[in-house]
Amino acid sequence: GDMKVNSHITASANISGSLTSDLQHGGATIHHVHTFGNGDDTPDVSGGTVFKTNGTNPAIGGNTHAITTFTGGTAGQIIHVLIQDGFTTFTNGTNLKLFRGQDATSLTTLDIISFICVDGTVWRELNRQDNT
């Protein structure tokens, strides 16, 4: 049956069971890939851990854009961004701290960039993967 707990659960051994829906942790849905809005330079990441970009070719009416921060983050949150286009970049700055302070402008489809949230506002790059 259902169980509702208004405080902590402490276990001295493993907890097991089956899961038939999305798993929630700290309000974020785990095991679901979310899509950033097209042209969103400050996407909300409060609802997940895995995201994919959604930029479109400016030659056919789309827009390139530069992500400058993420909103809705929680200290300690780790996110992974799956690059689905060649039109989304990441800009090093006040809230987005990229490797060696360099903007991420050469990411291509299938690459992955990951970040950890320091304090709810500042994000530090964890790694980049070139999967081309």
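Below, the figures for the structure above:
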| item | result |
| --- | --- |
| Filtered residue count, segment 76-85, keeping only those that are open to solvent by less than 60 Å² (accessible area, probe 1.4 Å) and not in a strand (DSSP E or B) | 4 |
| Options Ile78, Ile9, Ile60: the member that is under 23 Å from Thr109 (Cα atoms), among the β-branched types (Val, Ile, Thr) and at pLDDT below 90 | Ile60 |
| Restricting segment 86-108 to residues that are among the polar types (S, T, N, Q) and in contact with a strand residue (DSSP E or B) (Cβ under 9 Å, 6 or more places away or on another chain), the residue that is least open to solvent (accessible area, probe 1.4 Å) | Thr88 |
| Residue selected from segment 50-69 under the condition under 15 Å from Phe115 (Cβ atoms) and in a loop (DSSP other than H, G, I, E, B), by the criterion most open to solvent (accessible area, probe 1.4 Å) | Thr68 |
| Criterion (out of contact with any Phe, Trp or Tyr (no Cβ under 9 Å at 6 or more places or on another chain) and surrounded by fewer than 15 Cβ atoms within 10 Å (Cβ to Cβ)) met by exactly one of Gly72, Gly47 | Gly47 |
| When residues of segment 109-132 are limited to those that are open to solvent by 60 Å² or more (accessible area, probe 1.4 Å) and aliphatic (A, V, I, L, M), the one nearest to the chain's Cα centre (by Cα) | Leu126 |
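The values are calculated or read from the model by the stated rules, or taken from the named source; none is laboratory data. Because the structure is a prediction, the values reported are computed rather than measured. Positions of Cβ are generated from backbone atoms using ideal geometry, with glycine treated the same way; all protein chains shown enter the neighbour counts. For accessibility, only protein heavy atoms count, side chains too; no ligands or nucleic acids. Shrake-Rupley method; radii C 1.70, N 1.55, O 1.52, S 1.80 Å.
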